[in-house]
Amino acid sequence: MKTENPMKNDSVISGCGGVVFAEDKILFILKNDKWDLPKGKIEGSETKEETALREITEETDLVKTDLEIVEKLPTTYYYKIIDGVKRLKKTNWFFVKYTGDMNASMKSDGEEGIMECRWIGFDDLGTVYQNTHIRIIYLMDFVNQKYQLWD
């Protein structure tokens with residue numbers, strides 16, 4: 001019996017997202033009762049960068065022209081059961097600088113399970129770590145090791 005290759009392109013769901021920062025804060029979304037980062041699937045012929053920026057704006061209502069990709073971050077992988085099938089989800093991450101108004105209203109209408117968007121200070125990330133996915137902690141640690149943004 002032939003085993004399905006989990007790395008085969010048609011079994012991988014590819015997406016992109018952003019670690020959005022401004023001043024001494026990072027933007028998180030409360031999605032399905034866990035703190036997460038804005039992300040979503042690649043559509044059509046979009047580039048990874050276009051997908052990340054589109055998803056950030058769709059999930060938060062931030063203005064795209066106020067977002068600037070600084071660099072590519074590590075890609076994360078995890079499995080998720082979708083329609084009874086175990087699928088590999090691959091997320092390409094970007095470090096994104098926000099230059100707009102920190103007091104601009106953001107989406108929190110429950111759409112796609114998003115209940116809140118919040119700027120969280122570097123000193124308060126411990127509270128996020130208590131209720132998030134391990135891949136998010138990994139990304140935060142990577143960013144901090146590279147940029148030494150917080151203690």
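Values in this text are rule-based calculations from the coordinates and carry no lab data. Given the structure is predicted, the values throughout are model-derived calculations rather than measurements. Virtual Cβ from ideal backbone geometry, glycine too; neighbours counted across all protein chains shown.
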- Note on the structure: With Cα springs under 10 Å, the Gaussian network model of the chain assigns the largest mean-square fluctuation among Val85, Val63, Val128 to Val85
- The simple spin-label model distance between Asp61 and Lys41, using points 7 Å out along Cα→Cβ, in nm, is 2.6 nm
- Considering only Lys86, Lys39, Lys25, give the residue with the highest GNM mean-square fluctuation for the chain, with springs between Cα atoms whenever their separation is below 10 Å. Lys86
- Query: Going by alpha carbons, how many degrees (0 to 90, nearest 10) lie between the helix axis of 48-60 and the longest principal axis of the chain?
  - Reply: 60 degrees
- Assigned charges on the beta-carbon of Lys, Arg, Asp, Glu; region 9-147 dipole about Cα centre (debye): 680 debye
- Connecting every pair of Cα atoms under 10 Å apart in the chain and solving the GNM, the largest mean-square fluctuation among Trp119, Trp35, Trp93 falls on Trp119
- Can you sort Thr132, Thr127 by how many other beta carbons sit within 10 Å, fewest first? Thr127, Thr132
